[in-house]
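Inspection log for the structure reproduced underneath, given as structure tokens.
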Amino acid sequence: MKRVTLHQLEVFEAIARSGSFTRAAEDLFLTQPTVSQQMKQLTKAVGMPLFELVGKRLYLTDAGKEVLTVCRDISERLSQMEMTLADFKGLKQGNLRLAVTTTAKYFVPRLLGPFRQCYPGIKIFLKVTNRERLVERLTENLDDLYILGQPPENLDINLCPFLENPLVAIAPHNHPLVQQKNISLQRFAEEPFIMRESGSGTRMAVENLFAQKKVSLNVEMEIGSNEAIKQAIVGGLGVSVLSRYVLALEGIKGPLTILDVEGFPLQLHWYILYPASKQLSIVARTFLEYLLDEGKRIVDQIDLEFRNSDS
Ligand code: PGA
């Protein structure tokens, strides 16, 4: 039993939760042979099978159920330990002021959930606005941390590369271009285009791309909100280019479709930044570490849900 590792238990818990070795491997970003190997070692240490396969379904044996109970106890104890240690570090109370762009609002609130569970005493203030306004807030030192794309070049800032932000061409379900492959930029630009407001980083990236390619967009309308643009597209007012994450909740089966336009997705990146002269509070530092450790996992989970949304 002494040879049982926390990693084996984590893998076991993921299999028990998802009912599948494949899903567990995906959830934990492991290969399937690694998952099988971990389970082989755990089964050997326990001395009894933990799962049985009936038809195509995986069931826990009585021994497996016992191991699962212990796994959950251990994980509960570990998170209690985390909280107690947080208290030692002064994380019991305090404020966290975040400012993120309107594209990052599609995943940052999801990231806040588990963080708040660990540190329930921390009060979170989340400001959502466009890139330009965010840079102004940064200059005025109004928040602890900022998440945005295309960081400003003229400011003295600390910059951590964070996640990828793919921009995609979006049209309504019934649009004539939906069935076409490899649509040229020129063809796409003939469609009435709904543009984000000036000051938006999304707009800046779109304008740069079309200027570089020397293609003029047919801008019919300007709207200062991703959600309102989505509604306008559904209403048949035109097409647009937005972060793929704006479609996260509706998924592939929603009323909007991603067009296969040449040069898309346009790969942007989000960064976490703060003024170089700023002394981060313990709360902000802990959140920054949490973002860098856990951000990718949670956003990959959102991606997975998006890809699975048509099944
Ligand atoms: P925005 O976001 O269009 O709301 O400014 C762009 C970004 O994430 O940088």
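The values are calculated or read from the model by the stated rules, or taken from the named source; none is laboratory data. None of these values were measured; they are calculated from a predicted model. No Cβ is skipped: glycine too gets one built from the backbone with ideal geometry, and neighbour counts run over all protein chains shown. These accessible areas exclude ligands, DNA and RNA; they are computed on the full protein's heavy atoms, side chains included. Shrake-Rupley method; radii C 1.70, N 1.55, O 1.52, S 1.80 Å.
Cys71 meets the conditions (1) open to solvent by 30 Å² or more (accessible area, probe 1.4 Å); (2) away from the ligand (no atom under 16 Å from the Cβ) in every case but one. The failed one is (1). Here Leu247 fulfils each of the conditions (1) open to solvent by 10 Å² or more (accessible area, probe 1.4 Å); (2) in contact with a strand residue (DSSP E or B) (Cβ under 9 Å, 6 or more places away or on another chain); (3) not assigned by TED's automatic domain parsing to the domain that holds Ile147 apart from (1). Taken over region 192-219, the criterion of being open to solvent by 40 Å² or more (accessible area, probe 1.4 Å), within 16 Å of the ligand (Cβ to nearest atom), assigned to a helix (DSSP H, G or I) and hydrophobic (A, V, I, L, M, F, W, C) is satisfied by Met204 alone.
Given the structure, is Ile272 closer than 20 Å to Ile124 by Cβ and either hydrophobic (A, V, I, L, M, F, W, C) or touching a residue at least 40 places away in the same chain (Cβ under 8 Å) (or both)? Explain how you work it out, then say what you get.
Values: closer than 20 Å to Ile124 by Cβ: yes; either hydrophobic (A, V, I, L, M, F, W, C) or touching a residue at least 40 places away in the same chain (Cβ under 8 Å) (or both): yes.
Spelling it out, Ile272 is indeed closer than 20 Å to Ile124 by Cβ and either hydrophobic (A, V, I, L, M, F, W, C) or touching a residue at least 40 places away in the same chain (Cβ under 8 Å) (or both).
Listed conditions (1) modelled with pLDDT under 95; (2) under 19 Å from the mean Cα position of the chain (by Cα) are all met by Leu167, apart from (1). Residue count for region 31-60 under the criterion of being closer than 20 Å to Arg3 by Cβ and surrounded by fewer than 17 Cβ atoms within 10 Å (Cβ to Cβ): the result is 11. The residues on offer are Ala169, Ala189, and the sole one that is within 16 Å of the ligand (Cβ to nearest atom), closer than 16 Å to Glu262 by Cβ and in contact (Cβ under 8 Å) with a residue 12 or more places away in the chain is Ala169.
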